[in-house]
Amino acid sequence: MVSETKAMATLNLYLAKARGFCMGVERSISMAEKAREEIEETITILNEIVHNNSVVADLENKGISRTTNLDDVKEGTLIIAAHGVAPSVIKKAKDKGLNVIDSTCPLVKVIHKAVDYFINRNFTVLVHGDPNHDEMKGVKGRNPEKIHVIKEITKPEDLPDIDGKVALISQSTQSLELFEKAAELIKQKYNDVKIKNTICDATRKHQAAIIELAPKVNLVLVVGSQTSANSKRLVSISKKTGAETFLIDSADELEPEWFSGIENIGITAGASTPDHIVKKVVERIIRIALKNGIKKVNIYDGKED
Ligand code: SF4
């Protein structure tokens, strides 16, 4: 641990080498913005386009409304969010005469294809994920009878009794470590098992970056909304390394007392967090540090290494 005297002289901010917007999030937002430019009629997003409060508010300010209930949408264009929905939802929207723009992330569609593949071959599918998350509701909706979404698979009792073939896949933002543990348990419980890791590439890179960064700093800040599964996952992975870790939605949530006696801070951001929010977090930390008598703040951006 650094000495208090030295900590008062310099503050180092380390930005994770993989952080912030992923391909799927950028694609969904740009599809919504393009639709707004090209379509004059009403546009509604079903659920949150991505799980970030600032992004959701920004699109609302641009005149795109949002609902969690398809029955509320009577006309115009409906945008399916990055997390996807069940096929029945898209069918219902089309049957209502809505113009449907499907911005489901292609890597969520990989999960849909994997589920369909296994179901068509008479597997029961276990999905390691949060049943209350939009992505998992969409996956479960592909065949509710044959798909079990299980939040915790840490002991054999977490697993249902199933006759026949069983496949395990994962929510796109699942922890790699927890998924690998779940895979081991599933192999012990069932005779005929197939495992397909469907954690997306952005999630893997974000997680690997925080596993590398967190042990080197005194404090980790994860910038993301409470609704963001991947941001919360980064918090729990960081905490597991022993680093004190906070999830913040914006610079306003920073508490000056967190920085007392701290010399090294790691900063990462969830896949749905825009860069400008991270920038504001960095700017506010610098202001707090200078006010607290820190003479110099060094910024090391892992993306630039
Ligand atoms: S976190 Fe992964 S699955 Fe989710 S939108 Fe981003 S790239 Fe797609």
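Numbers for the structure displayed
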item: Selected residue (only one of SER103, SER88 is of a type in the set (Ser, Thr, Tyr), modelled with pLDDT of 95 or more and surrounded by fewer than 20 Cβ atoms within 10 Å (Cβ to Cβ)); result: SER88
item: Residue count, the stretch 223-277 (criterion: surrounded by fewer than 17 Cβ atoms within 10 Å (Cβ to Cβ) and within 18 Å of ILE199 (Cα to Cα)); result: 1
item: Matching residues, the stretch 237-263, being part of a helix (DSSP H, G or I) and over 22 Å from the mean Cα position of the chain (by Cα); result: PRO256, GLU257, TRP258, PHE259
item: Candidate set: the stretch 105-135, residues that are in contact with a helix residue (DSSP H, G or I) (Cβ under 8 Å, 6 or more places away or on another chain) and part of a loop (DSSP other than H, G, I, E, B); chosen: the one nearest to the ligand (Cβ to nearest atom); result: CYS105
item: Only one of THR42, THR10 that is modelled with pLDDT of 95 or more and either away from the ligand (no atom under 16 Å from the Cβ) or not assigned by TED's automatic domain parsing to the domain that holds THR173 (or both); result: THR42
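A quick yes/no check of all residues on (1) assigned by TED's automatic domain parsing to the domain that holds VAL223; (2) farther than 19 Å from VAL55 by Cβ; (3) out of contact with any Gly (no Cβ under 8 Å at 6 or more places or on another chain):
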residue: SER238; (1), (2), (3): yes, yes, no
residue: GLU244; (1), (2), (3): yes, yes, yes
residue: TRP258; (1), (2), (3): yes, yes, yes
residue: ASN264; (1), (2), (3): yes, yes, yes
residue: HIS276; (1), (2), (3): yes, no, yes
residue: LYS280; (1), (2), (3): yes, no, yes
residue: ILE285; (1), (2), (3): yes, yes, yes
residue: ILE288; (1), (2), (3): yes, yes, yes
residue: LYS291; (1), (2), (3): yes, yes, yes
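The values are calculated or read from the model by the stated rules, or taken from the named source; none is laboratory data. What you are looking at is a predicted structure, and each value in this text was computed from that prediction instead of being measured. Cβ atoms come from the backbone with ideal geometry, glycine included; neighbour counts cover every protein chain shown.
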